[in-house]
Amino acid sequence: MTTTTNHDLVSVITEDHRAFERIFKELESGKGGDQHRKDLADHVIAELVRHSVAEEQHMYPAARKHIPDGDDVVGHELEEHAEAERVMSELIGLEPKDKRFDELVSKLIEDVRHHIEEEESDLLPKLQAACSPEDLRELGEKVLRAKEIAPTRPHPAAPDQPPANRILGPGTAFIDKIRDALEGRTT
């Protein structure tokens, strides 16, 4: 999803956030048929999962290491990721004709917007102040690489901290991509 040429952590994360917002607006518009809305939901779920996995593997450990209240901030962020994963897990199998589809899409959008606002107003500025430009570039590159091999489906019971998430992620991603292809899921 990220296409920025400036690969520092803050740019990578915020560009993903803007891309999510574009998809959210399209979902909220109600334009397109049921299949288009299902494809959009599947696409944003896959991208949110990739984004979250990369944050959990690289950004959150950096926050724990570099910012004074890092453990508390990361704990809160992980709680929000877990809630979004629960919503995505319920949403992933639904068709747009199901009355819960719109409810869950709205809940997911609301939760993710809240999460984005908190990250951009608190966590990212703290990391930017605490890390060198070189560290931020290195973290941005790591996040981009992690997203390439991350799962595409929510796995609420999966570990969300290194090293377990880095070890299990690629195998889970492989299985997810096979399932996506077999189901014709847009990711």
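The values are calculated or read from the model by the stated rules, or taken from the named source; none is laboratory data. Note that the structure is a prediction, hence the values are computed from the model and not measured. For the accessible areas, the whole protein counts, side chains as well, though only heavy atoms, and no ligand, DNA or RNA atoms are used. Shrake-Rupley method; radii C 1.70, N 1.55, O 1.52, S 1.80 Å.
Less than 18 Å apart at the alpha-carbon level, and either on another chain or at least 8 residues along: which aspartates and glutamates does that give for LYS25? Straight-line reach from LYS25, under 18 Å: GLU15, ASP16, ASP34, ASP39, ASP42, GLU47, ASP102, GLU103, GLU110, ASP111, GLU117. On a per residue basis, the convex hull of the C-alpha atoms belonging to the stretch 78-150 measures out at 99 Å³. Sorted into 5 angstrom bins from 0, the C-alpha pair distances of the stretch 1-153 split as 1, 10, 19, 22, 19, 13, 8, 5, 2, 0 percent.
Listed by chain and number, the lysines whose C-alpha is less than 18 Å from the C-alpha of LYS31, apart from same-chain residues fewer than 8 away, are LYS97, LYS99.
Take the stretch 13-158 with all the other protein chains still there, run a 1.4 Å probe, and you get 46 Å² of accessible area per residue. Note on LYS147: lysines with a C-alpha under 18 Å away, same-chain residues under 8 apart excluded, are LYS177.
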